[in-house]
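The values are calculated or read from the model by the stated rules, or taken from the named source; none is laboratory data. Model, not experiment: these values are computed from the prediction. We place every Cβ from the backbone using ideal geometry, glycine too, and count neighbours over all the protein chains shown. We work out accessible area using only protein heavy atoms, side chains counted, and drop any ligands, DNA or RNA first. Shrake-Rupley method; radii C 1.70, N 1.55, O 1.52, S 1.80 Å.
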Amino acid sequence: MARRPASPLLALARAYQRQVRALARAARPARTPAAPLRVPARKRPQAPKPAAAKRAPPAPAALGQWLAGIAPGPAGARRYHLYVPPGVTAASRMRLPLLVMLHGCGQTGHSFAASTRMNQRAARERFLVLYPEQERMANAQGCWNWFERRSGRADAEADTVLAAIDQVARRYAVHPDRIGVAGMSAGASMAAWLALRAPQRFCALAMHSGAAPGSADSAATALAAMRGDRLPRRPEVATGAELPAAAPPMLPPLLLLHGESDPVVSVRSAQHTAAWWAQALGARAGAPRMQQRGARRTTRLTEFRARGRVQVALREIEGLGHAWSGGAPRVAYSDPTGPDASALVWAFMARQFAGTA
């Protein structure tokens, strides 16, 4: 009897597993394993979590509040955590910025907060941080289903994250014009999909190690997107269509951070996204320049400007794999030797927030 061909989903899962094993071997001496942006096979037993990814307090209690919540939406209910700086309560009248942080595969809101240390920065700079969390029933590895556009799951999950943002904004004095969204790996691709579907809701976007938004519409096309072989697409654009002219509301400014040695998501994906986003905003690229601070990894920075402002910034980090640059040491999915991505993300967001004053 002839063997039945493997399903695209199973083939994709096997390809991811090969990438992850190779990445683990390469990262073992530096103790910086990468968060795989992978799609699990259906009915496949879940792999055990790495010990470093165990639940851990994201910040000392003295630095603020770590609140839990649940937001219902089209994709079902999703849990979230909200970091609130010290001295801020639901009765506070001062409207604060809100940064939405979407974790990658194999992570949780807790581990993402521990890796990025964004809460400590929020305590100093006075902004709220929202960590929506993917349910394991929706994806066994905890990946946001950014690639499931054909089935509608990507849109449903994006709308559910928007529902969590609305819930937080109703309880706390969130400045409606100072909301930013950022993500790592699968969370970066979902963050970009949010900004594409609802650009009027976000003042700025940051993608770290993510595949181009809208570049996949199913599990079968996700691998090509991660190799950088597929271009971004807006929600209203049919497959194969060319990039449309930007229509109001315009896309928010974009910061991209990507490791040049990323074996899971090619840096070509970030390059494609930067060029595509800049074209939509009518921005032109300046000459790349190299930056390095101390002994940290060198960065190639390319800025795309329009209307006298940086609309897109692409930071390609030499030697960085699939990990949060400048993240906490001895935490999964972090590389402490890179430039401080959390500082760069907040600085980029703060510049856009300042323009809304």
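Looking at the structure I just gave you, is residue 269 of a type in the set (Gly, Ala, Ser), in contact with a helix residue (DSSP H, G or I) (Cβ under 9 Å, 6 or more places away or on another chain), part of a helix (DSSP H, G or I) and farther than 23 Å from residue 118 by Cβ? Break it down stepwise before answering.
On the way: of a type in the set (Gly, Ala, Ser): yes; in contact with a helix residue (DSSP H, G or I) (Cβ under 9 Å, 6 or more places away or on another chain): yes; part of a helix (DSSP H, G or I): yes; farther than 23 Å from residue 118 by Cβ: yes.
Against the criterion (of a type in the set (Gly, Ala, Ser), in contact with a helix residue (DSSP H, G or I) (Cβ under 9 Å, 6 or more places away or on another chain), part of a helix (DSSP H, G or I) and farther than 23 Å from residue 118 by Cβ), residue 269 qualifies.
Would you list the strands (runs of 3 or more DSSP E) that sit entirely within the stretch 90-195 and hold 3 or more residues that are of a type in the set (Val, Ile, Thr)?
Values: elements: 96-102, 128-132, 174-184.
Here the list reads 174-184.
Mind listing just one residue for me: the one in the stretch 102-122 that is among the aliphatic types (A, V, I, L, M) and either out of contact with any helix residue (DSSP H, G or I) (no Cβ under 6 Å at 6 or more places or on another chain) or surrounded by fewer than 21 Cβ atoms within 10 Å (Cβ to Cβ) (or both) and, of those, nearest to residue 64 (Cα to Cα)?
Start the filter on the stretch 102-122 by keeping residues that are among the aliphatic types (A, V, I, L, M), which leaves 102, 113-114, 118, 122.
Right, trim to either out of contact with any helix residue (DSSP H, G or I) (no Cβ under 6 Å at 6 or more places or on another chain) or surrounded by fewer than 21 Cβ atoms within 10 Å (Cβ to Cβ) (or both) and you get 114, 122.
Working: 114: 14, 122: 9 Å.
Among them, the one singled out is 122.
Within the group 289, 300, 293, which residue is touching a residue at least 12 places away in the same chain (Cβ under 8 Å), surrounded by fewer than 16 Cβ atoms within 10 Å (Cβ to Cβ), under 21 Å from residue 227 (Cβ atoms) and of a type in the set (Lys, Arg)?
Numbers: 289 fails: under 21 Å from residue 227 (Cβ atoms); 293 fails: under 21 Å from residue 227 (Cβ atoms).
Checking each option against the conditions leaves just 300.
For the stretch 124-144, how many residues are open to solvent by less than 20 Å² (accessible area, probe 1.4 Å) and of a type in the set (Gly, Ala, Ser)?
Qualifying residue count, the stretch 124-144: 1.
Being open to solvent by 40 Å² or more (accessible area, probe 1.4 Å) and in a helix (DSSP H, G or I) is the filter here, so list the residues in the stretch 325-346 that pass it. Quick ask: steps written out before the conclusion?
Just the residues of the stretch 325-346 that are open to solvent by 40 Å² or more (accessible area, probe 1.4 Å), to begin with: 329-330, 336-337, 340, 344.
344 - this is the single residue of the stretch 325-346 that is open to solvent by 40 Å² or more (accessible area, probe 1.4 Å) and in a helix (DSSP H, G or I).
Looking at 155, 166 in this structure, which one is of a type in the set (Asp, Glu) and over 18 Å from the mean Cα position of the chain (by Cα)? Full working, then the answer.
Numbers: 155 fails: over 18 Å from the mean Cα position of the chain (by Cα).
Selected residue: 166, the only one of 155, 166 that is of a type in the set (Asp, Glu) and over 18 Å from the mean Cα position of the chain (by Cα).
Within the stretch 42-88, work out how many residues are assigned to a loop (DSSP other than H, G, I, E, B), at pLDDT 55 or above and in contact with a strand residue (DSSP E or B) (Cβ under 9 Å, 6 or more places away or on another chain). Reasoning before the result, please.
Taking the stretch 42-88 first, the residues assigned to a loop (DSSP other than H, G, I, E, B) are 42-50, 54-60, 64, 72-77, 85-88.
Narrowing the set further to residues that are at pLDDT 55 or above leaves 58, 64, 72-77, 85-88.
Pick out the ones that are also in contact with a strand residue (DSSP E or B) (Cβ under 9 Å, 6 or more places away or on another chain) and you get 58, 64, 72, 77, 85-86, 88.
Number of matching residues: 7.
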